[in-house]
Amino acid sequence: MPASELSAEDIAARLSAAGLTTRVMQHAHRTSIQAEVPDDFPAHSWREVLDAVATADRFGLIASDADGLVL
């Protein structure tokens, strides 16, 4: 397994441990992870989430009326 996939699996596991449900998707030249952030996500868990995504090449947080928060 390439190092990038191992890293993505580690990040996904850390996000899951913080209480998020993740989806890992393989693309031609990258791996992406999505996690929906529930409205009642505890504020104290954000530190774990930020520590996990800090190891990623990049990340974003999208807020929409249809999907809520998606990391």
Say we join alpha carbon atoms closer than 10 Å with springs in a Gaussian network model of the chain; which of Ala28, Ala17, Ala54 then has the biggest fluctuation? Ala28
For the stretch 34-41, 3J(HN,Hα) per residue [Karplus equation, 6.51 cos²θ - 1.76 cosθ + 1.60, θ = phi - 60°, Hz, x = Gly/Pro]: 10, 9, 7, 9, x, 4, 9, 5
Around Val37, which amide H atoms from residues at least 5 apart in sequence, or from another chain, sit under 5 Å from its own amide H, with H modelled in the peptide plane? Leu69, Val70, Leu71
Keeping all protein chains in place, calculate the accessible area per residue for the stretch 15-71 (probe 1.4 angstrom), answer in Å². 71 Å²
Going by alpha carbons, how many degrees (0 to 90, nearest 10) lie between the helix axis of 3-17 and the longest principal axis of the chain? 20 degrees
Given a cut-off of 17 Å, what percent of all Cα-Cα pairs of the chain lie beyond it? 40 percent
Select from Ala13, His27, Ala52 the residue farthest towards the positive end of the dipole of the chain; place +1 on Cβ of Lys and Arg, -1 on Cβ of Asp and Glu, and compute about the Cα centre. His27
The chain: which trypsin sites (Lys or Arg not before Pro) are DSSP loop and have at most 14 other beta-carbon atoms within 10 angstrom? Arg30, Arg58
Using R₀ = 25 Å, calculate the FRET efficiency as 1/(1 + (r/R₀)^6) where r is the Cβ-Cβ separation of Met25 and Leu69; round to 0.05. 0.85
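The values are calculated or read from the model by the stated rules, or taken from the named source; none is laboratory data. Keep in mind that what you see is a predicted model, and the values were worked out from it rather than measured. Here the Cβ is made from the backbone with ideal geometry for all residues, glycine too, and neighbour counts use every protein chain on show. Accessible surface areas use protein heavy atoms only, side chains included; no ligands, DNA or RNA. Shrake-Rupley method; radii C 1.70, N 1.55, O 1.52, S 1.80 Å.
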